[in-house]
Every structure is written in structure tokens, then in C-alpha cells.
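Contents: one structure, followed by commentary.
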Amino acid sequence: MCKIGIPRGMLFYDYYPLWAEFFEELGAKVVVSPKSNKEILNSGVLSCVDECCLPVKVFHGHVDYLKDKVDYIFIPKIISIRKMEYCCPKILGLPDMVKFSIEDLPPIIDTNINLRKNSYTSSKYKKAVYEAGKCVIKNSSKIRNAYKKAEESYQRYLYLLSKGVIPIEAIKMYNKTFVDLNYNSKKHDMSIMVVGHPYNIYDEYLNMNIISKLINKGIKVMTPEMVNKDEIIYYSAQLPKRMFWTYGRRIVGSAFSLIERDEVDGIIYLSSFGCGIDSILIDLIERKAKNKGIPFTLLTLDEQTGEAGIDTRVEAFIDMMKWRDKDDFNISTLR
Ligand code: SF4
């Protein structure tokens, strides 16, 4: 049986259910690299160029883990996933970067996904799906049917995200017949938005498990993937200039939406050291939060980041929010 490796990094939390179901429907065995860990980070740092951001380095580590265990590794070249928008150049250059950085790789399935001028129903996208599927089977109608089934699973996954289930949990649940959607609906005294690119906010090793730590403190956690798409479009359109990075639009639109609708008590931005796009997004969100009096903090992740440092910053942020609540009506006129 043909084995397809899917690295647990970069856009894994966006698309894993779609592509895993697709390859499995075609009869392949899907092998996923384990959760990020010290060995994966170290091998990624060693194989990737120094200038790259942390998630790209970790992605290299995931590929390195898979390379001797599978027949193919699936690393699509994702140029655009929405009309008139682009992904970060490091996302679209991912398959090429990997090929030139890691030796002895099995063949890479580097299908081009470019929806800048096309839609998911366009012949160009169908061709891309066929390109990916033909590594396993040549029959185009079987590839078409497998993709159709995979899309159904993917819609269930997106539905779970829209109901407030975080991707790490939704991946475990999306193909179950019964799902408890009361999962994230408890009453909370405080809600915090953890915002940033999905590979930063959902990789538990990179961010020192920040989402679980907040949930364990009884805090409701919101992420960009939980905000309604129409809200994201509406609020990101408030920017004076159109945001042409798809993830940038999602991040800014979701944060603006929660801030404007008064649905968060505080915002934690998780960024990777050296991310050019984040340097713009952070500023936009921080200004909006300040205007509305919502506490904002930035945590920057790199390969040197220590857990104790992150924990201390998060604890201090929560304490500050609690004191602020308690002393809200007791502010000196002199400030
Ligand atoms: S958006 Fe930032 S973190 Fe993401 S791949 Fe590009 S540079 Fe790296």
C-alpha cells in the first residue's frame, strides 16, 4: 500500500482532514509526523536556512522525520486560497525550500494550489486535485469521487471549528457520528483571544501549550478560526487598504470583530520571530485594542523561547486583567 506522509506543521491545522481523507479514500495509508518536540525542532533548525521563521524551521523537522517512512510526502505549493489574495511567500515556497534543504527525500507531491483568479470548482483546481491523486491511482473518476467524500468530511471539520472547537480537538472528532458540542460552552468569567497564524497558536510545543493552560484556568479561549467568515470579511474591510494576505485578513478581521463586538476581555498575540507580516498585523490589532481599552500582549516565539518565560508573561497578563476589573471604578483622576 502506498504511504503518503503529511507533515504536522504550517497549514496542517487548516487542511489535514481534507487531504488525509482524500488519500485514504484513494487507498493510500496516511502517515502523519508526531506532535512537534525537541528532536523535530532541532532537526528543523539544522536543515533549514537561518533566516526562516520558526514554524518553517519546525516544518523542515517534520519532513525530516517522515522522509524514511513513506513513499511520498505531501507538501502542496499553496500560492493562493482566495480570489485576489496570496499566502506568505514562505508558504508558497515551502516545497522548494524543503527539496533544497533536506537530502534523500522521497518524491514530494507539490501540487500547485492557486485560486487567485479561480475558485474551488474551477478546472484549474480540479487539475491540481488530480495531480495529487494520480500518485496513488490513475483513474480520474475515482480521484473525483475520493475528493468529493473528503470535502464532506472537511465540511464537518469546518463546522466544528465554527462551533468553537479548537482544531486539535476537531481533528479527533470530525469523523465521529456523535459530537458533544457543549464542549466549549461553559460560562466563563473571562475570555481571551489567542490570535496569530494557525501554526503558532495550535502547535502545542511551539507555544508551550498556551491554549490548554488558559482553558485549565477556567478562561474561555477564542481563536480566529472560531469567528464567522462573514464577520471576518466585514471587519477586515474596515482597513483603509485591502489586506491581500489571506491569513492577515483572517487574523485582523477576527480580532477586530471580537474587539468591536465586545466579546473578549484580553488579547494575546502569538508571533514568530522574524515574521514580516506579523509586524504589520500586531500593530493594527494593538491599536484597535488600545482604542477600545482591551488589554493586549505580544508573545514572540523562537527556538530559544523558554516555557517559564511564557508562563510568567501569561500569569502577569491575567493578574493585570483581574486587578483592572476589580479596580475599574477606583481609578485615580490623576491616572
Ligand atoms: S506569515 Fe510569518 S510566520 Fe508565517 S510563514 Fe510567513 S514569515 Fe513565517
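A few comments on the model shown:
Residues checked against (1) modelled with pLDDT under 95; (2) near the ligand (Cβ under 10 Å from one of its atoms); (3) not assigned by TED's automatic domain parsing to the domain that holds Met208:
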| residue | (1), (2), (3) |
| --- | --- |
| Thr246 | yes, no, no |
| Val252 | no, no, no |
| Ile277 | yes, yes, no |
| Glu286 | no, no, no |
| Lys292 | yes, no, no |
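- Only listed residue being outside any helix (DSSP H, G or I), among the charged types (D, E, K, R), within 25 Å of the chain's Cα centre (by Cα) and closer than 28 Å to Asn200 by Cα, chosen from Arg116, Arg156: Arg116
- Checked across the stretch 114-125, the condition of being within 16 Å of the ligand (Cβ to nearest atom) and under 28 Å from Met193 (Cβ atoms) holds for no residue.
- Lys149 being surrounded by fewer than 16 Cβ atoms within 10 Å (Cβ to Cβ), at pLDDT below 90, assigned to a helix (DSSP H, G or I) and outside the structural domain of Arg250 (by TED's automatic domain parsing): no
- Cβ pairs under 8 Å, 6+ apart, first in the stretch 277-304 and free of Cβ contacts under 8 Å to residues at least 40 places away in the same chain, second within 16 Å of the ligand (Cβ to nearest atom) and part of a helix (DSSP H, G or I): Ile280/Gly248; Leu281/Gly248; Leu281/Ile251; Leu281/Val252; Lys288/Ala255; Ala289/Ala255; Phe296/Ile285; Leu298/Ile282
- Positions within the stretch 44-63 being surrounded by fewer than 24 Cβ atoms within 10 Å (Cβ to Cβ) and either more than 13 Å from the ligand (Cβ to nearest atom) or not assigned by TED's automatic domain parsing to the domain that holds Lys77 (or both), in sequence order: Val45, Leu46, Ser47, Asp50
- Answer from Tyr174, Tyr130 - the residue that is out of contact with any Cys (no Cβ under 8 Å at 6 or more places or on another chain) and either among the aliphatic types (A, V, I, L, M) or touching a residue at least 60 places away in the same chain (Cβ under 8 Å) (or both): Tyr174
This table checks each residue for (1) under 20 Å from Lys127 (Cβ atoms); (2) within 16 Å of the ligand (Cβ to nearest atom).
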position	(1), (2)
Gly9	no, yes
Ala28	yes, no
Asp71	no, no
Ile75	yes, yes
Ile78	yes, yes
Arg82	yes, yes
Pro95	yes, yes
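The values are calculated or read from the model by the stated rules, or taken from the named source; none is laboratory data. Since the model is a prediction, treat every value here as computed from it, not as a measurement. Positions of Cβ are generated from backbone atoms using ideal geometry, with glycine treated the same way; all protein chains shown enter the neighbour counts.
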